[in-house]
Structures are given as structure tokens and as C-alpha cells.
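*Asks:* What follows is a structure written as C-alpha cells; I'll ask about it next.
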């Protein structure tokens with residue numbers, strides 16, 4: 001082993017120990033999520049099948065966060081094809097990513113699907129698509145542009161709102177046509193709450 | 001993407017099959033279905049569980065936004081009580097059902113037949129009513145507010161009396177149980193998530209006296225035990241059961257706080273759990289009932305038996 005290759009693992013260990021002992025929120029991370037929240041010391045990565053539960057230990061019922069959430073899945077009795085969109089299908093737990101328009105998404109929406117770092121989503125029926133979510137919508141005093149479903153307000157021919165980009169069967173705000181249904185509003189405030197899996201009760 | 005989605009949907013396809021198998025199993029042996037999860041048909045997202053006289057179980061269901069009354073012997077749903085929001089905590093006290101309603105931010109009081117008869121404070125006054133306990137000697141209701149991170153004490157009529165714990169005493173409390181024998185309050189606490197791992201408070205179960213003084217505690221991470229502790233239960237032998245929502249296990253401790261072992265583990269098969277949130281010991285059948293939130297069912301395990 002050369003001196004350089006000997007140094008690398010030592011440096012890696014030293015860095016991990018230093019970050020755990022004196023944690024700082026890296027610029028690339030969501031300031032509300034420090035490493036240690038999810039990465040235990042002797043179990044650095046949660047098992048794949050526990051990732052959703054890990055999020056829900058805080059954001060689910062009985063958890064300590066006030067930002068409550070439930071996974072996006074069929075409502076009981078739904079006639080839609082079965083689907084189940086988990087936390088990390090939409091959210092990147094590490095950072096708010098730049099979107100394809102050059103802006104920065106909020107609420108950790110959009111994941112790095114192709115290594116470019118640009119916010120995109122795998123969709124159930126439309127392949128990989130761009131997602132833009134820069135505003136929480138007009139009900140909370142934010143712009144309608146680039147909110148949940150702005151019905152292509154920027155007229156670039158792409159329905160890339162966080163609600164629109166996957167939908168193809170819902171009748172309103174699909175990813176291929178305009179819709180006048182509460183366009184630009186805050187979908188999750190009263191009707192399609194994250195706590196009900198976005199299903200309208 | 002297609003392989004990823006297919007894999008995900010494939011794994012989910014197992015759940016209906018498992019649920020059907022479990023239903024058939026339960027139909028064959030409806031009572032004392034120890035170690036076989038039980039699936040009351042209308043439970044979707046169970047959170048907390050409490051005992052009710054007449055061999056009944058009370059379960060709060062976050063998705064149904066209701067309290068479900070279950071006959072423990074037949075495992076059938078006797079009544080569903082809509083509560084107008086997402087219920088978390090539930091406890092039975094003096095002929096009434098007390099419900100911590102997270103949406104409304106208050107504690108509601110229901111009659112056994114489901115009529116709303118009162119509430120604690122104004123809406124929003126209890127930010128996250130995560131747990132309730134009842135002291136039947138003092139007729140006091142204890143409310144754990146996970147937002148303010150304190151335990152509040154009320155009369156059974158809803159009059160605020162005092163704080164059992166002062167702000168800052170608990171780091172991130174989540175659930176609570178009352179030990180009637182020792183007259184202690186047990187509080188599970190995530191610990192402090194931020195800060196150095198060498199100095200920050202660990203996950204812990206606090207044991208408090210009725211003055212709020214900590215008389216004992218059980219540490220989690222670091223002794224190879226729980227990480228995100230939720231519901232707590234004690235059996236007649238004084239063993240403490242701690243539900244860990246992180247790794248879907250039930251950690252068992254003896255009366256002195258020494259670890260004995262664990263039950264469960266992540267999964268959807270019988271004997272496995274996914275995001276369990278609460279536990280209730282039933283001395284009659286020596287069975288532990290667990291709200292298996294992620295699997296949408298109530299799971300049953302036999303009490304711990306020392307090998």
C-alpha cells in the first residue's frame with residue numbers, strides 16, 4: 001500500500017468522526033436535517049426497506065415534527081390503478097435541487113435521477129420528467145408561477161408542477177393539458193393534504 | 001424506472017396476500033391469536049391503543065380519523081367513532097373516552113356510545129397531543145404535548161392543574177404510560193437529534209414520580225437498544241416493553257431496567273412489524289397488542305417468557 005492509499009481511509013475515518021463529534025450543517029444539506037437524524041453511528045445507512053419508516057418516525061403520527069405526512073397511495077375504494085409513491089420518490093432528503101429552468105426547488109422536491117443533479121422525478125406512466133416547485137401557491141401569499149399546478153403559466157409547453165408532472169389519469173392538472181381547477185393555489189392547504197396522502201377526504 | 005417501480009409494486013403485492021392469510025388465520029382461531037397479527041377489517045392506520053372495560057380495545061386511527069372500539073375476544077369492530085380530525089392519543093377514564101386530536105390541537109371527551117361531551121382547552125392549545133394517561137387515584141389526566149415537550153396535568157373535567165415536567169426537562173418526548181403500582185409516569189423520548197453524538201441526550205425512557213422528578217431512566221442507542229422509542233407497556237411481572245418505531249421492534253427490559261431481548265422486526269409477515277407506534281399489555285390473556293401502523297393492523301404477541 002502506497003503512502004497515499006494509506007492516508008485516504010484514515011482521512012475518511014477522521015472526517016466522519018469529526019462530522020459526528022462537531023456536526024455542522026453542510027451547505028448541500030437541508031438545514032433542518034442534520035446527518036445524525038437519519039444516519040446512526042454504527043448503522044450509517046438505514047436499510048432500504050426502512051427509509052420510509054425512518055422519515056415517518058418524525059413526520060408520521062406520534063412523531064415529533066409538526067410537518068406531518070402520509071405516503072401517496074390509492075384511497076380506499078379508488079378505481080385508479082394501484083400506486084404507492086413513497087417519501088423519497090418525490091423528496092431528496094439531502095438538498096433542494098436546481099430545476100431544469102435554473103431555479104431552485106423548495107421542500108426538497110425533485111431527486112437526482114440521472115446524476116446531473118437536476119430535480120426530476122420518475123413517474124408511474126410518463127418516464128422521467130422535470131419537476132419545478134418554487135412556490136407554495138397563492139393561498140399562502142406566494143406566486144402562482146411554479147407552484148403545485150400552475151397549468152404551464154410560463155408557456156414553455158411543459159406541465160412540470162409537482163402535482164402535474166406525474167398525473168395522467170386524474171381529470172384535472174394532468175401532465176399534458178391545461179386545467180382551470182384552482183390553478184396556482186396551495187393544493188395541500190385544505191383539500192389535498194399531505195396527511196391524507198393528498199387524497200381528498 | 002420501470003424496473004424500480006415494478007420492484008416496488010412487486011413487494012407491495014405481497015401485502016394483500018399476507019393480509020388474506022392472516023385473516024384466514026384469525027378466522028380459524030379468533031381468540032388468543034398470540035404471535036399472529038390480527039386484522040380488524042376497518043383498521044387502516046392505527047396509532048395508539050388503550051384498554052376499555054368489557055374486554056375491549058380502543059384504537060386511534062389516523063387515516064380513518066376515528067377511534068375504533070374492538071372486542072378483544074372476537075377481534076371484531078364494535079364501533080367506529082369519528083373525531084373530526086387526526087386522533088393520536090386515546091385513554092379510557094371513568095366511563096369516558098379521552099382523545100388527543102392532533103388536527104384540532106386539543107383533547108376531546110367522548111361517551112362510550114360516541115357522543116362528544118367536552119374538550120380540554122381551546123383548539124390549538126395542545127400542539128401535539130401525543131399521549132394520554134389516567135391516574136385513577138387522583139382522578140387526573142396526564143397529557144403529553146410533544147410540541148411544547150412537556151407533560152400537563154388536568155382534572156378529569158379538563159381543568160389545567162400544573163406541569164408535571166418543566167420545559168427543557170424532556171428533549172423530544174413522544175409517548176407515555178402510567179405505572180399504577182409504582183405510581184410512576186413513563187415517558188419515551190427520542191433524545192436530542194442535533195449536536196455532537198458524544199454529548200447530546202440519547203433516546204431514553206424516563207421514569208418520573210408524580211412530582212415530575214426523574215427516579216430512573218433506560219438509555220437507548222449506545223446499549224444496542226431502541227432508537228426512536230414510542231409506546232410503552234408494563235406487564236404484571238414488571239417487565240417494560242418499549243416499541244421502537246425505527247427498527248420495528250419491541251425491546252423488553254426487566255423490572256430493574258436490564259435488557260432481556262426483543263420481539264418483532266421489520267416486515268409484513270406474521271410476527272413482523274412496520275412502524276409500530278404503541279403497545280398494550282392484556283394481563284387476562286398475557287398478550288401484547290401492538291399498533292402496527294405501517295401494515296395497517298393490530299399485531300398480537302405473547303408476553304415475554306425468559307428462556
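The values are calculated or read from the model by the stated rules, or taken from the named source; none is laboratory data. Predicted model, so just to flag it, every value in this text is computed and none were measured. Quick reminder, even Gly has a Cβ in these numbers, built from the backbone with ideal geometry, and neighbours come from all protein chains shown.
*Asks:* Test of understanding: among A:174, A:155, which residue is more than 25 Å from residue A:84 (Cβ to Cβ) and modelled with pLDDT of 95 or more? Walk me through how you get there before you give the answer.
*Replies:* Working: A:174 fails: more than 25 Å from residue A:84 (Cβ to Cβ).
Selected residue: A:155, the only one of A:174, A:155 that is more than 25 Å from residue A:84 (Cβ to Cβ) and modelled with pLDDT of 95 or more.
*Asks:* Next question. Enumerate the pairs (first residue in region A:31-56 and over 18 Å from residue B:265 (Cβ atoms); second residue anywhere and assigned to a helix (DSSP H, G or I) and modelled with pLDDT of 75 or more) with beta-carbon separation below 8 Å, excluding pairs fewer than 6 apart on the same chain, so at least 6 apart or on different chains.
*Replies:* Sorted first by the residue in region A:31-56, then by its partner, the pairs are A:37/A:58; A:38/A:54; A:55/A:87; A:55/A:88.
*Asks:* Scanning region A:183-201 for residues that are surrounded by 18 or more Cβ atoms within 10 Å (Cβ to Cβ) and more than 13 Å from chain B (Cβ to nearest Cβ), which turns out farthest from residue A:134 (Cα to Cα)?
*Replies:* If we take residues in region A:183-201 being surrounded by 18 or more Cβ atoms within 10 Å (Cβ to Cβ) and more than 13 Å from chain B (Cβ to nearest Cβ), then A:192 is farthest from residue A:134 (Cα to Cα).
*Asks:* Any chance you could count how many residues in region B:63-80 are surrounded by 22 or more Cβ atoms within 10 Å (Cβ to Cβ) and touching a helix residue (DSSP H, G or I) at 6+ places or on another chain (Cβ under 8 Å)?
*Replies:* Here the count works out to 1.
*Asks:* Shifting gears a bit: With the requirement that a residue be within 11 Å of chain B (Cβ to nearest Cβ), assigned to a loop (DSSP other than H, G, I, E, B) and either without any contact (Cβ under 8 Å) to a residue 40 or more places away in the chain or closer than 22 Å to residue A:37 by Cβ (or both), what does region A:78-113 give you?
*Replies:* A:82, A:86, A:113
*Asks:* A follow-up question, please. Out of region B:267-294, which residues are touching a helix residue (DSSP H, G or I) at 6+ places or on another chain (Cβ under 6 Å) and assigned to a strand (DSSP E or B)?
*Replies:* B:277
*Asks:* Give region B:242-270 a look and list any residue that's surrounded by fewer than 20 Cβ atoms within 10 Å (Cβ to Cβ) and within 14 Å of another protein chain (Cβ to nearest Cβ), or say none.
*Replies:* B:265, B:266, B:267, B:269
*Asks:* Right, next: Does residue B:135 fit the bill of being surrounded by fewer than 19 Cβ atoms within 10 Å (Cβ to Cβ), touching a residue at least 60 places away in the same chain (Cβ under 8 Å) and under 19 Å from the mean Cα position of the chain (by Cα)?
*Replies:* It is true that residue B:135 is surrounded by fewer than 19 Cβ atoms within 10 Å (Cβ to Cβ), touching a residue at least 60 places away in the same chain (Cβ under 8 Å) and under 19 Å from the mean Cα position of the chain (by Cα).
*Asks:* I'm trying to understand the selection: among the residues of region B:220-241, which are within 14 Å of another protein chain (Cβ to nearest Cβ) and in a strand (DSSP E or B)?
*Replies:* Across region B:220-241, the qualifying residues are B:229, B:230, B:231, B:232.
*Asks:* Can you name the residue in region A:61-77 that is in contact (Cβ under 8 Å) with a residue 40 or more places away in the chain and touching a strand residue (DSSP E or B) at 6+ places or on another chain (Cβ under 6 Å) and is also nearest to residue A:162 (Cα to Cα) among such residues?
*Replies:* A:72
*Asks:* Which one of these does residue B:297 not meet: (1) at pLDDT below 95; (2) more than 14 Å from every other protein chain (Cβ to nearest Cβ); (3) surrounded by fewer than 24 Cβ atoms within 10 Å (Cβ to Cβ)?
*Replies:* Just one mismatch for residue B:297, condition (3).
*Asks:* Among the listed residues B:182, B:169, which satisfies the condition of being more than 14 Å from chain A (Cβ to nearest Cβ), surrounded by fewer than 17 Cβ atoms within 10 Å (Cβ to Cβ) and not in a strand (DSSP E or B)?
*Replies:* Details: B:169 fails: surrounded by fewer than 17 Cβ atoms within 10 Å (Cβ to Cβ).
Result of the check over B:182, B:169: B:182.
*Asks:* Another one. For region A:155-166, check the following and say yes or no: at least one residue is surrounded by fewer than 20 Cβ atoms within 10 Å (Cβ to Cβ) and on the phi > 0 side of the Ramachandran plot.
*Replies:* Yes, because at least one residue in region A:155-166 is surrounded by fewer than 20 Cβ atoms within 10 Å (Cβ to Cβ) and on the phi > 0 side of the Ramachandran plot.
*Asks:* Then there's this: Considering only region A:46-57, I want to know if a residue exists there that is at pLDDT 85 or above and assigned to a loop (DSSP other than H, G, I, E, B).
*Replies:* no
*Asks:* If you take just the strands (runs of 3 or more DSSP E) that sit entirely in region B:92-151, which of them hold at least 1 residues that are closer than 27 Å to residue B:243 by Cα?
*Replies:* Ranges flagged: B:96-101, B:106-110, B:129-135, B:140-145.
*Asks:* Could you list, ordered by first residue, the pairs with Cβ atoms under 8 Å in which the first is in region B:156-170 and farther than 21 Å from residue B:207 by Cβ and the second is part of a loop (DSSP other than H, G, I, E, B) and modelled with pLDDT of 95 or more, at least 6 apart or interchain?
*Replies:* Every condition considered, the pairs that remain are B:156/B:94; B:156/B:139.
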